[in-house]
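Engineer: What follows is a structure written as structure tokens; I'll ask about it next.
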Amino acid sequence: GLLEILEKAGFVCNHGQVVTGRQRLDDPGLSEELASLEQEKQQLIRETPGLESHANLLWVCLEAYPGVLTGRKSHMEVMFPGGSRNLVESIYKGNQSIDYYNRIVAKMAVNYIGTRQDQALAEDINILEIGAGTGGTSAFVLEEIKKFSSRIHYYYTDVSTGFTRHGREKYGAAYPFVKFKVLDIEKNPGKQGLKPGSMDLVLASNVLNATRRMQNTLEQVKWLLKANAVIVINENTHPR
């Protein structure tokens, strides 16, 4: 976390419950380094345009961090100023790497539906997207599978009512086979209006890793799956 980063940089000593500052915090050159951060940000964007959205979001969060840390500001208002999702949405859309994997998820979904068609199964297909957020993955998947709309029930879910409302406004009219629902996958789905063994395909992009206990999360997902159902977990990672 942040304390680990500060400790590695030589700014603090972390003794578990006690964190103390180190002499480097009083270094006169530190102020000059901090003053040059914006120039370094602009240089990073010039050299790596694909990171522009990440750099802009990080910069906004960095400037607001003292206020959030002391409780004077809400982290949600920082990330979603005035309810706008532009800062966060740009992270998950228009990024070459993320879009590449979202297209793979969409292709897997359409292939699955096509296989079901080939098997001449009469039942409708229930698809659940967990943590749909701003629709970074949904946009690709829905466009690919809309040709099967007469056979599909697609559940666009998120733990946030704001995101499900955003999804309804953005995708509801174009994709009438989509239902929008609040779902906390860390809690019993049955108490949230879903039925056991009801889902044929579950999609989860960059969301399961944010839950507290993975075993519990996967147990809730498994509770929702039909026999021989498929779950597609799309997580963007990097080597450490």
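Engineer: Return, for the Cα atoms of the chain, the radius of gyration and Dmax in Å, separated by a comma.
Structural biologist: When restricted to the Cα atoms of the chain, Rg and Dmax are 21.6, 73 Å.
Engineer: By how many nm would the segment from THR237 to ALA210 grow when fully extended, if each residue of separation counts as 0.36 nm and the alpha-carbon distance is taken off?
Structural biologist: Working: separation 27, 0.36 × 27 = 9.72 nm, distance 1.28 nm.
That works out to 8.4 nm of additional length.
Engineer: How tilted is helix 52-69 with respect to the longest principal axis of the chain? Cα atoms for both, answer in degrees (0 to 90, nearest 10).
Structural biologist: Once rounded, one gets 60 degrees.
Engineer: Oh, and also: If you line up the long axis of helix 96-118 against the longest principal axis of the chain, both from Cα atoms, how many degrees apart are they, to the nearest 10?
Structural biologist: Once rounded, one gets 10 degrees.
Engineer: May I pose another question? Per residue, how much accessible surface does the chain expose to a 1.4 Å probe? Answer in Å², no decimals.
Structural biologist: On the way: 14580 Å² over 240 residues.
Here the residues of the chain average 61 Å² of exposed surface.
Engineer: Considering only protein heavy atoms and a probe of 1.4 Å, how much of the accessible area of the chain is carbon and sulfur, as a whole percent? Before the final figure, lay out each step's value.
Structural biologist: Details: 7830 of 14580 Å².
In the chain, the share of accessible area belonging to carbon and sulfur is 54 percent.
Engineer: Could I ask something else about it? At 7 Å along Cα-to-Cβ for each site, give me the label-to-label distance between GLN192 and GLN119 in nm.
Structural biologist: For GLN192 paired with GLN119, the spin-label model returns 2.6 nm.
Engineer: Using only Cα atoms, tell me the angle between helix 214-224 and the longest principal axis of the chain; keep it within 0 to 90° and round to the nearest 10.
Structural biologist: That helix lies at roughly 20 degrees to the long axis.
Engineer: If you stretched the chain out fully between LEU30 and LEU69, how much longer would it get, using 0.36 nm times the residue separation minus the C-alpha to C-alpha distance? The partial results should precede the final answer.
Structural biologist: Values: separation 39, 0.36 × 39 = 14.04 nm, distance 2.14 nm.
Gain on stretching LEU30 to LEU69: 11.9 nm.
Engineer: Relative contact order for the chain: what is it in percent, counting Cα pairs under 8 Å that are at least 6 residues apart?
Structural biologist: 13
Engineer: I would also like to ask the following. Tell me which residues come under 5 Å, amide H to amide H, from VAL12 once H is placed; ignore anything under 5 positions away on its chain.
Structural biologist: Sorted by chain and number, the residues that satisfy this are GLU7, ARG22.
Engineer: Taking a cut-off of 12 Å between Cα atoms, list the aspartates and glutamates near LYS73, but don't count ones fewer than 8 places away on the same chain.
Structural biologist: Correct list for LYS73: GLU63.
Engineer: Another one. As an exercise, use a Förster radius of 25 Å and the Cβ-Cβ distance of PHE177 and LYS222 to find the FRET efficiency, rounded to the nearest 0.05. Walk me through the numbers on the way to the answer.
Structural biologist: On the way: r = 25 Å, r/R0 = 1.00.
The pair PHE177/LYS222 has a calculated efficiency of 0.50.
Engineer: Also, I was wondering about something else. Can you spot the lysines whose alpha carbon is less than 22 Å from LYS191's alpha carbon? Ignore those fewer than 8 places along the same chain.
Structural biologist: Within reach: LYS179, LYS181, LYS222, LYS226.
Engineer: Go ahead and collect, in residue order, the members of the stretch 36-73 whose backbone nitrogen is under 12 Å from a label point 7 Å along the Cα-Cβ direction of GLN96.
Structural biologist: The answer is 48-51.
The values are calculated or read from the model by the stated rules, or taken from the named source; none is laboratory data. As the structure is a computational prediction, the values presented were derived from the model and not from experiment. All Cβ positions, glycine included, derive from the backbone under ideal geometry; neighbour counts span all protein chains shown. Side chains included, ligands, DNA and RNA excluded: accessible areas come from the protein's heavy atoms. Shrake-Rupley method; radii C 1.70, N 1.55, O 1.52, S 1.80 Å.
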